[in-house]
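> Below are the structure tokens for one structure; questions will follow.
FYI, it's all coordinate maths here, none of it is from the lab. Note that the structure is predicted; figures quoted are calculated from it, not measured. Note that each Cβ is placed from the backbone with ideal geometry, even for glycine, and that neighbours are counted across all protein chains shown.
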Amino acid sequence: MTRLFTFGCSFTNYRWSTWADCLAPEFDYFENWAQSGAGNHHIFNSVMEADQRHKFTAGDTVVVCWSAAQREDRYIDGRWHTPGSVHFAKTVYHPDYLRSHVDDRGFLIRDLAYIKAVKRLLESCGINWRFLSMSGWHQIDPAYKDAVDLYQDVLDSIVPGFDQTIFSKFLNNNWPTDRHDQHPTPAEHLAYLDTVLPGWVTKEETRVKMYNESINLIKDPKQSGLSKVTRL
């Protein structure tokens, strides 16, 4: 039995189909561990728990879409809280907290270690794995060159992100601003896969489904497609 496990943030698990849903029909079994707003702390913990539960083995495929570094995730009262970027979650983080407890260099060092740890785990399992990214991992501030140089082999394992592929024309202002929801549409997710993982989507019905979903997004903007897994 072929198994697919995916990890990430809302670019992996959202209220419409993502790249993970494009890949799912290619496998016998599928679990999507991603959570909206998740940072790489959450992603790291999710990969480790999924391996602990399912024991990744030959024949499995794991695809991780790493999130942005400036995020904090916490496990409180029996669930993960993933509010997204500390710089934008103004109702969660007080300005005093941001001044005294937030350091972008520290976030980068933390997350590079997480990515390296997951890389080593997946390599040791002898499985098929790929690292995608939401954005930012190929455009790190030159001020952090020492960290980049130290972890260059880890960064080289991450394929170009959405920001460098389907959204490359929006690099100067990060994301599309001409629509109410800046998340990629199902068709854009499919285009991203075709760019960074060519040949992975083989089923024509998947392509039809993604294009149809993209057409109907405005007609049914509240549709819920978020998948859930059993987890601590």
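> Got a sec? How would Thr185, Thr91 order by Cβ neighbour count within 10 Å, fewest to most?
Thr91, Thr185
> Right, something else. Using modelled backbone amide H atoms (1.01 Å from N, in-plane), which distant-in-sequence or interchain residues come within less than 5 Å of Glu72's amide H?
Placed amide hydrogens put Gly84, Val86 under 5 Å from Glu72.
> So between Ser100 and Lys203, what do we pick up on full extension, going 0.36 nm a residue minus the alpha carbon distance?
Contour length minus Cα-Cα distance gives 32.0 nm.
> In vacuum, with every alpha carbon of the stretch 1-51 counted as one equal point scatterer, what does the Debye formula give for log10 I(q)/I(0) at q = 0.28, 0.32 Å⁻¹? Two decimals, please.
One equal scatterer on each Cα of the stretch 1-51 leads to -1.06, -1.18.
> Tally Lys and Arg at +1 and Asp and Glu at -1 over the other residues with C-beta under 12 Å from the C-beta of Gly39: what net charge comes out?
In short, 0.
> State which helices in the chain qualify, where a helix is a whole DSSP H run, it must extend 30 Å or more along its own axis by its Cα atoms, and its mean Kyte-Doolittle hydropathy must be at least -0.5.
Answer set is 104-125.
> Going by how many other beta carbons lie within 10 Å of each one, how would you line up His54, His180, fewest first?
The order, fewest Cβ neighbours first, is His180, His54.
> Classify the stretch 115-173 as rounded, prolate or oblate from the Cα gyration tensor: take a ≥ b ≥ c as the square roots of its eigenvalues, call it rounded if a/c is under 1.5, otherwise prolate when a/b beats b/c and oblate if not.
Oblate is the answer for the stretch 115-173, as a/c is 1.5 or above yet b/c matches or exceeds a/b.
> While we're on this one: For a footprinting-style exposure proxy, rank Thr165, Thr18 by other Cβ within 10 Å, fewest first.
In order of increasing Cβ crowding within 10 Å: Thr165, Thr18.
> Sticking with this one: Could you sort the peptides 148-157, 92-101 by per-residue average Cβ neighbour count (10 Å cutoff), highest mean leading?
148-157, 92-101
> Here's a follow-up. In deg cm²/dmol and to the nearest 500, what is the mean residue ellipticity at 222 nm of the chain if only DSSP H runs of at least 4 residues count, each as -39500 (n - 2.57), divided by the residue total?
-10500 deg cm²/dmol
> Separate question: Please state the shape class of the chain: rounded when a/c is under 1.5, otherwise prolate if a/b exceeds b/c and oblate if not, all from the C-alpha gyration tensor.
Note, shape of the chain comes out rounded.
> Determine the principal axes of the Cα atoms in the stretch 1-105, then give the extent along each, sorted from largest to smallest and rounded to whole angstroms.
51, 28, 28
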